[in-house]
Amino acid sequence: MHEYLSGLNERQKQAVLHKDGPIMIVAGAGSGKTKVLTTRIAHLMAFHRVDAFNILALTFTNKAAREMKERIEKILGNADARNLYVGTFHSVFARILRGEAHRLGYPNSFTIYDTDDAKGVLKTVINEMNLDDKLYKPNVVYNRISSAKNALVNPAEYAVDYYIQQEDARSNRPAIAQIYDAYAKRCFKNGAMDFDDLLIKMYELLKNFPESLHKFQHKFKYILIDEYQDTNPAQYEVIKLLAAAHENVCVVGDDAQSIYSFRGATIQNILQFQKDYEDVTVIKLEQNYRSTQNILNVANEIISNNKNQIPKELWTENAEGEKIRLVRTMSDNEEGKFVADTIQEQKLRNHFSNRDFAILYRTNAQSRAFEESLRRMGIAYTMFGGVSFYSRKEIKDFVAYLRVVVNTRDEEALKRIINYPVRGIGKTTIDKCVLFANTHNISMWEVLEQAPRFGFKGGTLESIENFVVFIKGCQSMLQLKNAYEVAFHVGKQTNIVKELFNDKTTEGLQRYENVQELLNSIKEFTETPSNDDGEVGDKGLSAYLQQITLLTDADEKDPNADTVKLMTIHAAKGLEFPVVFAAGLEEMLFPNAMSINTREELEEERRLFYVVITRAKSKLWITYANSRYKFGQLVQNEPSRFIEEIPQQYLDRSFAGGGIRNQGTSFAQGSAFDRMRGFGASEQAEKLYGPPPSKRKDTVPAYVPPKSAPKVVEHKPSQDFVPSDTSNL
Ligand code: ATP
Ligand code: MG
């Protein structure tokens, strides 16, 4: 028997050894789903001799993808794993679209707009439509369009859906349908795709271009998907198309950890899978290898309060472990202090390292108090979710040059740099260019190229012409020079680097260092061995830009650094830590005020609570504060209703609930609105807006009010909070 199989339990082994045909693994947290997926890939390669090029594995983060490759390499003892297509939906689809986008009318070197770029385009469009951008806030409109895209609702469909119209009218924003349409057209004109487009354009490609469909169906003989519960309808449909030829698709997930319904994910995907593939093998893993019995029991109890779930058992042979500690503090600052003090104490007492701790919270804003106390105590930490390196102004400016060189249709980037560094092309000129471009239905770049024709004269004309010549010069390098050589040329010729160097203020120095850092990272990119099949040696600018746009905050930081990790619960999905602090368990914060209006929302908050509890291997603290600053105001908080749900024997409190299976119907059969909101949304909509003209029906979702405040020991600063039970696990 292969060594990598020996540690697995029977069901895990069955999942790994299953070769052909659809297979679904639905199992609770820490039961080895990711381990099975990784081992399965290794087994396909080592035993069945499946070529790495024929395997597609989709993970939740790029980091998870990298780790998966590393583990497989370790198991196989060779570097074959580098040829796997492993990554997030976004990064894998972007890579595929880079070779296929021309079929859809995009340049193959299309630009990927991050959320900032996308909101910039929206702002432009909203202004051009003479709408009030205070009412039509780009943020709000962006989210609305994003939901539509992830549900595969196109502008035309959006415009005619009864409930969608009602909802937009209710929020007093009836023009979103037109904005959506204009935005989609502008992105296309700019030769750009936003993050959501990477999914829907992939779908359109496979749906409308049989050659592409056959090519990738043939290529990806084995498809594997981790965290399947968080896929949305667009992703679901793409996978269905890709897997149609071989049906060798393996999905692993846990409906109890579905926490992305606000992005359109729906656990309906899990139920639908069994209907779409008739001969599907379903495997349930029930042994948890991660957590102590106490932690697992609490998690099981909590999630049993959700009605909407697939019933499953989860048990462990691990030690019983310590009880879960509940700590109340007077304020958020004291909560921060308590956590930092406890980390220090635990390090001394139980020989933990910084890397063994995670502080997990519901919202990014909560990080401040923890950062302050950790810094004061001199404890090294890494915060995930802050301002990304690539969102800094100087970096965005520099990168905008590179974007224009690769894709001159990219109007957002063009506007950013046309007068940076200052070259005498003022706002009036830029506005004119945009206007000419719109009226003649050409790109802004084409206006610049034909500047004399549009009446530009004198100094302005000269500046425009110099700029055009410069960009064209850079473009001519693209075929022969790698990303670094082009970027270096840009930095030198534009004087950007020199100007930043001459700015001797502290901020100026920082900006200079950041741009140097960017250049270093481009160099590193060009020097890392390539693993692209077909396009081997693609070290060009286009490939580089694609890579950085899809980097998430988590990818920029070293996960192995010996630091305490701070992140939201959403970001902690799939991870595990010996010691976890689940912070801010307060009403209105967790469950969040935004998510307590329906049973569906509340159940999703409870799943988040389940996720945070199950990140802990041996020790778990749950903390909450009586008061905290929110939007500059001191707010008093009730303890979270979820605390009530933790049974007495694990926490000196008791509360129990029940679970009923609820299956529902396929999203694919629902209305556009249903797809955007997930299963059952129409019922919800009916509650809000009344039944549609043709239909009358009553539904009242149940709501569980919070119980009285739990009795817990109050935390006072100093050594009072040294835990009495110190058995180390
Ligand atoms: P999550 O739902 O949180 O994503 P998961 O089901 O993917 O969890 P894994 O992360 O794969 O679970 O595994 C949890 C832990 O249990 C890991 O540390 C893994 O190495 C370990 N583990 C899984 N299976 C076994 C096994 N058969 N023997 C020993 N350890 C195991
Ligand atoms: Mg996992």
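The values are calculated or read from the model by the stated rules, or taken from the named source; none is laboratory data. Remember, it's a predicted structure, so these values are computed and weren't measured experimentally. When we count neighbours, we look across all protein chains shown, and the Cβ atoms used for this are built from the backbone with ideal geometry, even at glycine.
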Consider region 602-626. How many of its residues are farther than 14 Å from Arg325 by Cα, among the polar types (S, T, N, Q) and surrounded by 23 or more Cβ atoms within 10 Å (Cβ to Cβ)? 1
Restricting attention to region 394-434, and to residues there that are in contact with an Asp or Glu (Cβ under 9 Å, 6 or more places away or on another chain) and either of a type in the set (Ser, Thr, Tyr) or free of Cβ contacts under 8 Å to residues at least 12 places away in the same chain (or both), which single residue is surrounded by the most Cβ atoms within 10 Å (Cβ to Cβ)? Thr408
Extreme residue, farthest from Gly253 (Cα to Cα), among residues of region 32-68 that are modelled with pLDDT of 90 or more and among the basic types (Lys, Arg): Arg49
Mind counting the residues in region 11-35 that are under 23 Å from Val238 (Cβ atoms) and within 13 Å of ligand 2 (Cβ to nearest atom)? 4
Pick from region 555-589 the residues that are surrounded by fewer than 18 Cβ atoms within 10 Å (Cβ to Cβ) and acidic (Asp, Glu): which of them is nearest to ligand 1 (Cβ to nearest atom)? Glu576
Step by step: first the residues of region 38-54, then only those that are surrounded by fewer than 24 Cβ atoms within 10 Å (Cβ to Cβ) and in contact (Cβ under 8 Å) with a residue 60 or more places away in the chain, then the one that is nearest to ligand 2 (Cβ to nearest atom). Which residue is that? Leu44
Looking at region 173-184, is at least one residue outside any helix (DSSP H, G or I), within 25 Å of the chain's Cα centre (by Cα) and either crowded, with 20+ Cβ neighbours inside 10 Å or at pLDDT 95 or above (or both)? no
If you take the residues of region 516-539 that are small (Gly, Ala, Ser) and surrounded by 14 or more Cβ atoms within 10 Å (Cβ to Cβ), which of them is modelled with the lowest pLDDT? Ser530
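This table checks each residue for (1) touching a strand residue (DSSP E or B) at 6+ places or on another chain (Cβ under 8 Å); (2) more than 12 Å from ligand 1 (Cβ to nearest atom).
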position: His18; (1), (2): yes, yes
position: Gly21; (1), (2): yes, yes
position: Leu37; (1), (2): yes, no
position: Ala42; (1), (2): no, yes
position: His48; (1), (2): no, yes
position: Lys69; (1), (2): yes, yes
position: Lys74; (1), (2): no, yes
position: Asn78; (1), (2): no, yes
Quick one: count up the residues across region 629-653 that are surrounded by 22 or more Cβ atoms within 10 Å (Cβ to Cβ) and over 26 Å from Tyr260 (Cβ atoms). 1
All conditions in (1) in contact (Cβ under 8 Å) with a residue 12 or more places away in the chain; (2) closer than 25 Å to Phe188 by Cα are true of Asn354 except (2)
